[in-house]
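What follows is a single structure, written as structure tokens, with notes after it.
Computed from the coordinates by the stated procedures, all read-outs in this text should not be read as laboratory data. As the structure is a prediction and not an experimental result, all values here were calculated from the model. Glycine also receives a Cβ, built like all others from the backbone with ideal geometry; neighbour counts cover every protein chain displayed.
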Amino acid sequence: MIRLKSFLQDQFRDGEGEGATLVDPTTEEPVATTSTKGLDLAGAFAHARTVGGPRLRAMSFAERGALLEAMSKALYEVRDSLLEASTLNAGTTRSDGKFDIDGATGTLAYYANLGKQLGDRTYLVEGEGEQLTRSARFWGHHIKVPREGVAVHVNAFNFPAWGFAEKAAVALLAGVPVITKPATATALTTFRCFEALAQAGLLEGGVLQLVCGGAGDLLSHLGPQDVLAFTGSGETGAYFRRLDAVVERSVRLNIEADSLNAAVLGPDVEVGDDTWAMFVRDAAKEITQKTGQKCTATRRILVPRSKVEAVVAALSDELARYEVGDPRKEGVRVGPLASKQQLDAVREGIAALVEAGCRVAWRGSAPEGKGYFVPITLLVHDVPGEAAVVHEREVFGPVSTVLPYDSLDEAVELVRRGEGGLVASVYSDDRDVLGTLLRGLASWSGRILAGSRKVADQAIAPGMVLPSCVHGGPGRAGGGEELGGLRGLDFYFQRTAVQGDRALLDRALSLR
Ligand code: NAP
């Protein structure tokens, strides 16, 4: 049995008692335990504030970037052991494990490169500034300086490597030390990441700490210079919004929650053409990748009513190629769900959708007995306007519902019933159709992927989050925003307006 530890004040530290047990979702065998009971989290905050923060703020962007580059390399060097941990504790196939782990190293490398480009500076100045009065001397600038607190990151179970790394990369580049807390159920992979980073000597000096297990009193130590970035369920997000630190001390909060992401097939797309093939391939991938446990997975598939049966037939053929089973077995493309809790939630979710009038259009097979396996399930609801549950309930597994529409306006209206999504994908080669969909969906979506013939074999699938584009969405998706290149750093900066003698300010801020 593996014993996981937290990494606090530059050392691995064990909590009291046995704590939580982590299992292998394929066999249901226990694989690790972890406890955070009795750990000095107040001390971790103090260490980050007094040691990690000053250390990072003294570093230039280029130096912070070099730290990220070294982190990326250190994780890449243990890629195989991270993939093993991911399969053991999260039930991922090798391909799904890579999605998480390569996403982590790739995002760190991307921000390392941005650091290199920003060079010797330690903070940013926005643009040229502007004249504030009739005098050309009296000038205003906006500067962006790192907050002098701690970035607390609380992550979901489905991305134990990427979730930790994508947030840490941005905070560290901005100059803010991190305390990260992965979800307990799948924390083994994050723990292995920390072992590798410690081995490479990259964790000294309070820049990065790990709370490996229950949060304990973590959130009670948040102060006015701290930020809290959360990824997880809408329910936990709502609880975070009500935290005293957020309400009374204005702790900055970013929430990445769940989402009923939609794909829309344009009426101009003909069965069998390139755009059609792209749509079918993307939809199948977004239903099955990571066993549907992706916040960006496609949950609703909107198609012209006349094409419902053709879509179901094409998708069923495609989905039949995805074998569900032991992720270590050759040929298996879909592993188990990550935990018993998830299995119960997915089964309940499918039952609720069927209760609401969805019919099962296609269902695959899955191993029975041990393991948290669930068959891939494609549903259809013929009157989607009347099926509130389809637009409200995120079933976090390999499940999606095909919904017919009779007009583009109706398609837009149905997508908006999800009340804010992380990503929408639209497939069309007609610029009017595309224009209507983009304009109709943009304010309700964090990101839109437009699939069409000329990018059919070049585009990424809609569920892939790139560090260069923003991630997050309005409303139900949490209202947050992460990544997006340099945009992501703003969450960790204080933007301060500075007014005064232009020449003097320019010298003081080293602008000339
Ligand atoms: P969750 O149950 O909300 O847990 C998320 C994290 O919050 C875990 O680390 C959990 O710790 C912690 N947590 C829960 N209650 C807490 C409390 N009272 N105080 C402090 N920490 C607390 O979500 P999940 O089941 O792990 O993740 C699945 C959900 O995340 C899905 O709905 C999915 O859509 C969403 N998600 C969203 C994104 C996005 O980017 N928008 C990405 C991935 C997932 P413990 O594990 O120790 O309880």
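Taking the mean number of other Cβ atoms within 10 Å as a proxy for protection, how do you rank 91-98, 380-387, 32-39, 155-162 from highest to lowest?
Ranked by mean Cβ neighbours within 10 Å, highest first: 155-162, 91-98, 32-39, 380-387.
Counting other beta carbons within 10 Å of each residue's own, what order do His221, His391, His142 fall into, fewest first?
In order of increasing Cβ crowding within 10 Å: His142, His221, His391.
Quick one: if the Förster radius is 51 Å, what FRET efficiency do Asp40 and Glu128 give, using the C-beta to C-beta distance and rounding to 0.05?
Here the calculated transfer efficiency is 0.60.
Tell me whether segment 269-420 comes out rounded, prolate or oblate; compute the Cα gyration tensor, take square roots of the eigenvalues as a ≥ b ≥ c, and use a/c under 1.5 as the rounded threshold.
Oblate, because a/c is 1.5 or more while a/b does not exceed b/c.
For Arg328 and Val271, calculate 0.36 nm times their separation in residues minus their Cα-Cα distance, and state this gained length in nm to one decimal.
Net length gain for the segment: 16.9 nm.
On full extension of the chain, what length is gained from Asp406 through His142, given 0.36 nm per residue of separation minus the C-alpha to C-alpha distance?
The span from Asp406 to His142 would gain 90.1 nm if fully extended.
Quick check: pseudo-label points 7 Å beyond the Cα along Cα→Cβ at Asp430 and Val498, how many nm apart are they?
5.5 nm
Arrange the peptides 482-488, 495-501, 268-274 so that the one whose residues have, on average, the most other Cβ atoms within 10 Å appears first.
482-488, 268-274, 495-501
Neighbour counts of other C-beta atoms within 10 Å: give me Met278, Met71, Met464, Met1 arranged from fewest to most.
Sorted ascending by nearby Cβ count, the order is Met1, Met464, Met278, Met71.
Among Gly418, Leu434, Ala461, which residue has its Cα furthest toward the positive end of the charge dipole of segment 261-466, with +1 on Lys/Arg Cβ and -1 on Asp/Glu Cβ?
In segment 261-466, that residue is Ala461.
Mean shadow of segment 357-512, computed from the convex hull of its alpha carbons, in nm²?
Result: 15.6 nm².
Classify the chain: rounded, prolate or oblate, from the alpha-carbon gyration tensor (a ≥ b ≥ c, eigenvalue square roots; a/c under 1.5 rounded; otherwise prolate if a/b is larger than b/c)?
Oblate, because a/c is 1.5 or more while a/b does not exceed b/c.
Could you list Arg147, Arg192, Arg252 so that the one with the fewest beta carbons within 10 Å of its beta carbon is first and the one with the most is last?
Ordered by Cβ neighbours within 10 Å, fewest first: Arg252, Arg147, Arg192.
Label points 7 Å out from Cα along the Cβ direction at Ser510 and Ile460: separation in nm?
Spacing of the two 7 Å Cα→Cβ label points: 3.4 nm.
Angle between the Cα long axis of helix 187-199 and the longest principal axis of the chain, 0 to 90 degrees, nearest 10?
40 degrees
Hey, what angle do you get for helix 308-319 against the long axis of the chain, alpha-carbon based, 0 to 90 degrees rounded to 10?
The answer is roughly 70 degrees.
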